[in-house]
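Trainee: Take this structure first; my questions come after.
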Amino acid sequence: MAQASFLTGEFRHALDDRGRIAIPARFRARLGQGATLARWLDRCLGVFPSDEWSSLAEKIRGLPRTNPNAREFVRFMSSGAVDVELDRQGRLLVPSYLREYAGLAEGEVVIVGALDHLEIWAPSAWQPYRAKIEDAPEELAAHLQDLGI
């Protein structure tokens, strides 16, 4: 099986008055077989190609049901997830409860490639997060060392 292309880059797109976001053209083929839109960490939304969502869901399903943190994460992910398809213009519809969770308002959003999924951020949340990473690369390097990178 061929390696799936990685999702990378940062893009700014409009969120229209109906809650639709145009996905950058370079990502549309990867999401063409369907995707799942879900709450994600750091108060952004995750857009997972179908195969990546299936892989993540299997890992989540394997968490111990007797662990309260695991149950909380299962509920967080599954209750906020919805299957989505791109329309003919390459847009996806973001339900109002997910727009509210991520603080998305009509206007601009930031779409960030995160290798196996996309993240959709409110610009007001993305800018300080991005600045924190860029302004302290030595802290990031120290954290990566703990992860074996």
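Trainee: Scanning the range 82-101 for residues that are without any contact (Cβ under 8 Å) to a residue 60 or more places away in the chain and not hydroxyl-bearing (Ser, Thr, Tyr), which turns out farthest from Leu41 (Cα to Cα)? Before you say what the answer is, go through the steps one by one.
Mentor: So in the range 82-101, the residues without any contact (Cβ under 8 Å) to a residue 60 or more places away in the chain come out as 82-85, 88, 97, 100.
Those still in the list that are not hydroxyl-bearing (Ser, Thr, Tyr) too: 82-85, 88, 100.
Numbers: Val82: 16, Asp83: 18, Val84: 19, Glu85: 22, Arg88: 29, Glu100: 14 Å.
The selected residue is Arg88.
Trainee: Considering each residue of the range 126-136, count those that are farther than 20 Å from Ala22 by Cβ and in contact with a strand residue (DSSP E or B) (Cβ under 9 Å, 6 or more places away or on another chain), and give that number.
Mentor: We begin by selecting, within the range 126-136, every residue farther than 20 Å from Ala22 by Cβ; these are 127-136.
Filter again for in contact with a strand residue (DSSP E or B) (Cβ under 9 Å, 6 or more places away or on another chain), leaving 127, 129-130.
Selection size over the range 126-136: 3.
Trainee: Here is a follow-up. If I filter the range 15-38 for residues that are among the aromatic types (Phe, Trp, Tyr), on the phi < 0 side of the Ramachandran plot and not in a helix (DSSP H, G or I), do I get at least one hit?
Mentor: Within the range 15-38 (the criterion being among the aromatic types (Phe, Trp, Tyr), on the phi < 0 side of the Ramachandran plot and not in a helix (DSSP H, G or I)), the answer is no, since none of the residues qualifies.
Trainee: Return yes or no: is Leu56 more than 23 Å from Ala14 (Cα to Cα), aliphatic (A, V, I, L, M) and without any contact (Cβ under 8 Å) to a residue 24 or more places away in the chain? Even if it seems obvious, please write down each step before you answer.
Mentor: Working: more than 23 Å from Ala14 (Cα to Cα): yes; aliphatic (A, V, I, L, M): yes; without any contact (Cβ under 8 Å) to a residue 24 or more places away in the chain: yes.
Yes, satisfied.
Trainee: Name the residues in the range 47-73 that are hydroxyl-bearing (Ser, Thr, Tyr) and over 30 Å from Arg91 (Cβ atoms), would you?
Mentor: Residues of the range 47-73 hydroxyl-bearing (Ser, Thr, Tyr): 50, 54-55, 66.
If the condition is that a residue be hydroxyl-bearing (Ser, Thr, Tyr) and over 30 Å from Arg91 (Cβ atoms), then Thr66 is the only one that fits.
Trainee: Looking at this structure, is Arg43 closer than 21 Å to Pro95 by Cβ and out of contact with any Lys or Arg (no Cβ under 9 Å at 6 or more places or on another chain)?
Mentor: Numbers: closer than 21 Å to Pro95 by Cβ: yes; out of contact with any Lys or Arg (no Cβ under 9 Å at 6 or more places or on another chain): yes.
Answer is yes for this residue.
Trainee: Output the residue which, of all residues in the range 52-101 that are under 23 Å from Leu115 (Cα atoms) and aromatic (Phe, Trp, Tyr), is surrounded by the most Cβ atoms within 10 Å (Cβ to Cβ).
Mentor: Top of the filtered list is Trp53.
Trainee: Free of Cβ contacts under 8 Å to residues at least 24 places away in the same chain, farther than 21 Å from Thr8 by Cα and either among the small types (Gly, Ala, Ser) or exposed (fewer than 13 other Cβ atoms within 10 Å of the Cβ) (or both) - does that describe any residue in the range 37-51? Break it down into steps so the answer makes sense when it comes.
Mentor: Step one: of the range 37-51, the residues free of Cβ contacts under 8 Å to residues at least 24 places away in the same chain are 41, 50.
If we keep only those that are farther than 21 Å from Thr8 by Cα too, we end up with none.
Checking the range 37-51: not a single residue is free of Cβ contacts under 8 Å to residues at least 24 places away in the same chain, farther than 21 Å from Thr8 by Cα and either among the small types (Gly, Ala, Ser) or exposed (fewer than 13 other Cβ atoms within 10 Å of the Cβ) (or both).
Trainee: Looking only at the range 1-41, how many residues end up being among the charged types (D, E, K, R) and over 14 Å from Val110 (Cα atoms)? Full working, then the answer.
Mentor: Quick first cut of the range 1-41, residues among the charged types (D, E, K, R) only: 10, 12, 16-18, 20, 26, 28, 30, 39.
Among the residues that remain, those that are also over 14 Å from Val110 (Cα atoms) are: 17-18, 26, 28, 30, 39.
Residues flagged as among the charged types (D, E, K, R) and over 14 Å from Val110 (Cα atoms) within the range 1-41 amount to 6.
Trainee: Continuing with the same structure: I need a count of the residues in the range 103-123 that are within 19 Å of Asp17 (Cβ to Cβ), of a type outside the set (Asp, Glu) and surrounded by fewer than 20 Cβ atoms within 10 Å (Cβ to Cβ).
Mentor: Looking only at that region, the number is 4.
Trainee: Can you list the helices (runs of 4 or more DSSP H) found entirely within the range 69-149 that contain at least 2 residues being under 20 Å from Trp53 (Cβ atoms) and not hydroxyl-bearing (Ser, Thr, Tyr)? Don't jump to the end; show me each part of the working.
Mentor: Numbers: elements: 96-102, 123-135, 137-146.
Here the list reads 96-102.
Here, each number is a calculation from the coordinates, and none is a lab measurement. Predicted, not measured: the structure shown is a model, and the values here were computed from it. Glycine also receives a Cβ, built like all others from the backbone with ideal geometry; neighbour counts cover every protein chain displayed.
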